[in-house]
Amino acid sequence: MTDLTGKVAVITGGASGIGASGVEVFVEAGAQVVAADLQDDKGAALVARFGADKVAYQHCDVTDMKALEALMQSAVDTFGGLDVLWNNAGSGGTSSSVEELDIEGYSFTMDLLLKSVFAGTHFAVPHMKARGAYVEHGGEWHTAPAPRFSRTPGTVRSSTDDGEQVVATWGSAS
Ligand SMILES: NC(=O)c1ccc[n+]([C@@H]2O[C@H](COP(=O)([O-])OP(=O)(O)OC[C@H]3O[C@@H](n4cnc5c(N)ncnc54)[C@H](O)[C@@H]3O)[C@@H](O)[C@H]2O)c1
């Protein structure tokens with residue numbers, strides 16, 4: 001893996017599953033990581049395992065815009081900056097047919113799988129620009145399809161591409 005020494009990453013949904021594996025890989029590559037999740041006990045265990053100089057944990061519901069903004073700021077406050085954002089948090093959303101799905105289920109799924117990716121990137125990019133580099137991932141791993149009613153994965157791919165383009169026009173996207 002690329003040497004990430006000196007880089008600071010935020011991984012949402014970092015307390016378990018793929019995100020927690022990501023925390024491990026990023027730390028092995030030399031990064032400092034802020035893991036964000038709803039599972040505070042597992043987050044605390046990550047900090048105990050890797051050490052507070054390598055991993056910080058922040059409680060954050062990615063559907064909460066103020067919490068997302070505070071999360072990105074916490075990376076700066078804790079480790080001095082932000083270089084990498086992995087919009088990993090998610091679940092399958094509310095899976096139903098168009099006919100059966102209610103508005104609450106639709107809104108929950110869109111907030112979790114789409115709005116959070118836009119907003120996380122929106123709040124992270126200014127900090128990334130301040131560091132001079134940019135990496136963001138909110139791609140196919142993140143975007144659990146909500147079968148039968150949504151095009152969420154494709155929309156997330158588009159928004160992610162747009163984010164990369166926005167920052168690439170400013171500076172390095174390597
Ligand atoms: N595992 C798969 O086969 C698969 C397939 C397609 C997409 N995905 C997506 O990849 C991502 C990781 O998958 P996984 O298998 O590790 O899932 P997982 O359920 O094991 O882990 C997801 C993590 O996200 C956290 N999370 C859920 N909702 C959150 C919220 N609102 N705010 C903050 N954290 C929240 C959970 O607490 C958990 O730690 C998810 O977004 C998932 O939807 C997974």
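Quick note: the coordinates plus some simple rules give every number you see, no bench work behind them. All values reported here derive from a predicted model rather than from experimental measurement. Note that each Cβ is placed from the backbone with ideal geometry, even for glycine, and that neighbours are counted across all protein chains shown.
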When the charge dipole of region 17-116 is computed with +1 on Lys and Arg Cβ and -1 on Asp and Glu Cβ about the Cα centre, the Cα farthest towards its positive end, among Val98, Gln58, Leu82, belongs to Leu82
Which value, in debye to the nearest 20, gives the size of the charge dipole of region 70-123 about its Cα centre, when Lys and Arg are +1 and Asp and Glu are -1 at the Cβ? 240
Within straight-line cross-link reach of Lys129, lysines at Cα separation under 29 Å, skipping those fewer than 8 residues along the same chain: Lys7, Lys54, Lys66, Lys115
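Going by how many other beta carbons lie within 10 Å of each one, how would you line up Val76, Val27, Val34, fewest first?
Val76, Val27, Val34
Tell me, in nm to one decimal, what length is gained between Gln73 and Glu104 on full extension, where the rule is 0.36 nm per residue of separation less the Cα-Cα distance?
Extra length from Gln73 to Glu104 when fully extended: 8.2 nm.
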